[in-house]
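Visitor: Sharing a structure, written as structure tokens. Questions coming.
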Amino acid sequence: MTGRKSFYIVAPMILFIIIFSLLIIWLFVLNRKKGASDETTLQSINLKTMDTPELKPFVWKKYINTTAARERNGVFEQVLDNGTIIRYSIDPWLQQKADSILSHFKIPWAAVFMYSIKDGRILVFKGRSEKDKRLTDLELITKAWAPGASVFKVVSASALLSTGAVNVTDTWCYHGGSHRLTSKLLVENPAKDNKCVNLPMALAQSANVVFARLGKRYLTRKSLLYHASSWGFHMDFNFILPVEKSRIKILARDENAVAFTAAGFGEVTLSPFHGAWMMSIAGNDGIPVSPWLVESVKSSENKILFSHKPEGTPQGRVISSTQAASLRKMLELTVTSGTARDAFYKVDEARYNFTCAGKTGTLARTEPEYLEYSWFTGYAPADKPEVVFAVALINPAKWRTKSIFVAATMLKLYFEKYHKEKSG
């Protein structure tokens, strides 16, 4: 009995000692694993990353906002909250003048875009809206918010010349269609077609019926879409920020869709950015010039994060040199004898001592309210282009001003500054 009592006393003690020992061993092993893990974590940390970093290269792009930029020592700069400085290519004086003009006329929506055709430097990048003051320069320049209207006739003219069936000397007679286009006008009517023009004058005077009839006769949906693509529609532009694609839609089931689109009455959208880019094709002998906006970016520690470098390889040719020369003559006629003449001539006397070439576009909508879109895209001087531009406005029923007058004023200011001459 004594031995059995001893067993009952000793056995629990031995069991307790065994369990306690196992617990100590388990805690020891666990602690070693944790220590190894901590050591690995410490070794894997790069202490440099623990410093607060400056804005990383390319991240600064999302802060681009020329509306927030100001003139500083003769240059146009935007200072970010962390001290990073974005220096723009924009001419501060011309930018301010553009803003003053748009502010003076209190235009509901407007954009003025101008850049050098020699190197792509953007000189004016101004958007302003009296209707929605939240809209930025970037939105009003790069968004395809306006219908292409008669500016699209430049693409149509290029497509027609490319067929070989239409040349610049052929004469085409028509009637009506000055402000609107109907299917009835697409049918030739010798008894009424008493106004005759060649293709250059048809473009200069924006003869809707001529372009509609020529489009219906010589162009197909496929060919017009092909040329529109060559001229930048549905294209991604090589720009520092996204540019909304200008779009064109031609319904296959509509037998008159090609005709109406060729005349500028189709489902076509266009951004001011794209409008100016199109003019660079004609002004630069058939090869487009890409605009650039940011000259340099420096951190708060004066470290260069970005510096603009000229393009090494120019963009591909869009049209032949011969066709570009033909288009330039047509576009010059728009100013000397066509729809832009009033802004550049007073009776028979030139208002300015510089020449200009371009294309106007006007289109009105009535729903939900009356609004009139006004375009003028072009380049100057007409013979040796230095700058390309696009001005797009939306006027209410009681219009404030037209794009041709804003463009003429901006060109006058440009030549006054860069040529040191008074432009009348």
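Visitor: So what's segment 167-277 giving for Cα Rg divided by 2.2 N^0.38 Å, two decimals? Kindly include the intermediate steps, with their values, before the conclusion.
Guide: On the way: Rg = 15.5 Å, N = 111, 2.2 N^0.38 = 13.2 Å.
Against the compact-globule rule of thumb, the ratio is 1.17.
Visitor: Which distance in Å, rounded to a whole number, links the C-alpha centroids of segment 203-226 and segment 231-260?
Guide: 16
Visitor: Also, I was wondering about something else. So if I place +1 on the C-beta of Lys and Arg and -1 on the C-beta of Asp and Glu, and nothing else carries charge, what would the dipole magnitude of the chain be about its Cα centre? I want it in debye, nearest 20.
Guide: Numbers: 55 positive and 37 negative charges, 159 e Å.
I would put it at about 760 debye.
Visitor: Kindly provide log₁₀ I(q)/I(0) values, in the same order as q = 0.24 Å⁻¹, from the Debye equation applied to equal alpha-carbon scatterers of segment 312-422.
Guide: Computed log10 I(q)/I(0) values: -1.31.
Visitor: Something else: Taking the simple approach of a point 7 Å from Cα along Cα-to-Cβ for both N65 and D236, what is their distance in nm?
Guide: 2.7
Visitor: Below 8 Å between Cα atoms, with a sequence gap of 6+, how large is the relative contact order for the chain in percent?
Guide: Numbers: 791 pairs, mean separation 75.2, N = 424.
With pairs under 8 Å counted, the relative contact order is 18 percent.
Visitor: Answer with one residue from A202, I90, N302: the one whose Cα lies farthest towards the positive end of the charge dipole of the chain, charges on Cβ with Lys, Arg +1 and Asp, Glu -1.
Guide: N302
Visitor: Exceeding 28 Å between C-alpha atoms, which entries from my cross-link table qualify? They are K192/K216; K245/K359; K143/K195; K118/K420; K249/K309.
Guide: K143/K195; K249/K309
Visitor: Pairwise over distinct Cα atoms, reciprocal of the mean inverse distance: report the Kirkwood radius of segment 54-167 in Å, one decimal place.
Guide: Details: mean 1/r = 0.0607 Å⁻¹.
Result for segment 54-167, one decimal place: 16.5 Å.
Visitor: Rank-order 242-252, 406-416 by packing density, defined as the average count of other C-beta atoms within 10 Å over each peptide's residues, highest first.
Guide: My ranking of the peptides, most packed first, is 406-416, 242-252.
Visitor: Over the chain, consider all pairs of different Cα atoms and compute the Kirkwood hydrodynamic radius from their mean reciprocal separation; express it in Å, one decimal.
Guide: Final number for the Kirkwood radius of the chain is 24.8 Å.
Visitor: Further, regarding this structure: I need the peptides 217-229, 194-206, 73-85 ranked by packing, meaning the mean over residues of other C-beta atoms within 10 angstrom, with the highest value on top.
Guide: Sorting 217-229, 194-206, 73-85 by mean packing, highest first, produces 194-206, 217-229, 73-85.
Visitor: Which of G264, W277, I240 sits farthest toward the positive end of the charge dipole of segment 238-293, with +1 on the Cβ of Lys and Arg and -1 on the Cβ of Asp and Glu?
Guide: I240
Visitor: By a straight-distance test (C-alpha under 16 Å), which aspartates and glutamates pair with K133 as possible cross-link partners, with residues fewer than eight away in the same chain excluded?
Guide: Filter leaves D99.
Visitor: Another one. For helix 403-418, what angle does its Cα long axis make with the longest principal axis of the chain, in degrees from 0 to 90 and rounded to 10?
Guide: Long axis of 403-418 versus the principal axis of the chain: about 80 degrees.
Visitor: Between R70, R121, R365, which gets the highest mean-square fluctuation from a Gaussian network model of the chain, Cα cutoff 10 Å?
Guide: R365
Visitor: Here's something else I'd like to know. When Rg is the radius of gyration of the Cα atoms in segment 135-191 and Rh is its Kirkwood radius, what does Rg/Rh come to?
Guide: 1.13
Visitor: Hey, what number do you get for the chain at 222 nm if only DSSP H runs of n ≥ 4 count, each worth -39500 (n - 2.57), divided across all residues, to the nearest 500?
Guide: Using -39500 (n - 2.57) per qualifying helix, the result is -11500 deg cm²/dmol.
Visitor: I've got another one for you. What does the net charge come to around P385 if you take all other residues with beta carbon closer than 12 Å to its beta carbon, with K and R at +1 and D and E at -1?
Guide: -1
Visitor: Sequence neighbours fewer than 8 away in the same chain don't count; with that in mind, list the lysines whose C-alpha is under 28 Å from K303.
Guide: K48, K56, K61, K62
Visitor: About the Cα centre of segment 54-104, how large is the charge dipole given +1 on each Lys and Arg Cβ and -1 on each Asp and Glu Cβ? Please answer in debye to the nearest 20.
Guide: 140
Visitor: If contacts are Cα pairs under 8 angstrom and at least 6 residues apart, what is the relative contact order of segment 239-357 in percent?
Guide: It rounds to 18 percent for segment 239-357.
Visitor: Output the relative contact order of segment 132-286, whole-number percent, from Cα pairs under 8 angstrom with separation of 6+ residues. Intermediate results must be reported in sequence, preceding the final value.
Guide: Numbers: 224 pairs, mean separation 53.0, N = 155.
Averaging sequence separation for qualifying contacts and normalising by length gives 34 percent for segment 132-286.
Visitor: If I measure Cβ to Cβ between cysteines in the chain, which ones have no partner under 4.7 Å?
Guide: That list is C356.
Visitor: For segment 366-424, count the residues as N, evaluate 2.2 N^0.38 Å, and divide the Cα radius of gyration by that value, please.
Guide: Computed over Cα atoms of segment 366-424, the ratio equals 1.39.
Visitor: Right, here's the next one. Fully extended, how many nm does the chain gain between S307 and K222 (0.36 nm per residue separation, minus their Cα-Cα distance)?
Guide: Values: separation 85, 0.36 × 85 = 30.60 nm, distance 4.18 nm.
Full-extension gain reported as 26.4 nm.
Visitor: Now, a different point. For segment 66-106, what does the alpha-carbon gyration tensor say about shape, rounded, prolate or oblate, given a ≥ b ≥ c as the root eigenvalues, a/c under 1.5 as rounded, and a/b over b/c as prolate?
Guide: prolate
Computed from the coordinates by the stated procedures, all read-outs in this text should not be read as laboratory data. The shown structure was predicted, so the numbers you read here are calculated from the model rather than taken from an experiment. Note: ideal-geometry Cβ built from the backbone for every residue, glycine included; neighbour counts use all protein chains shown.
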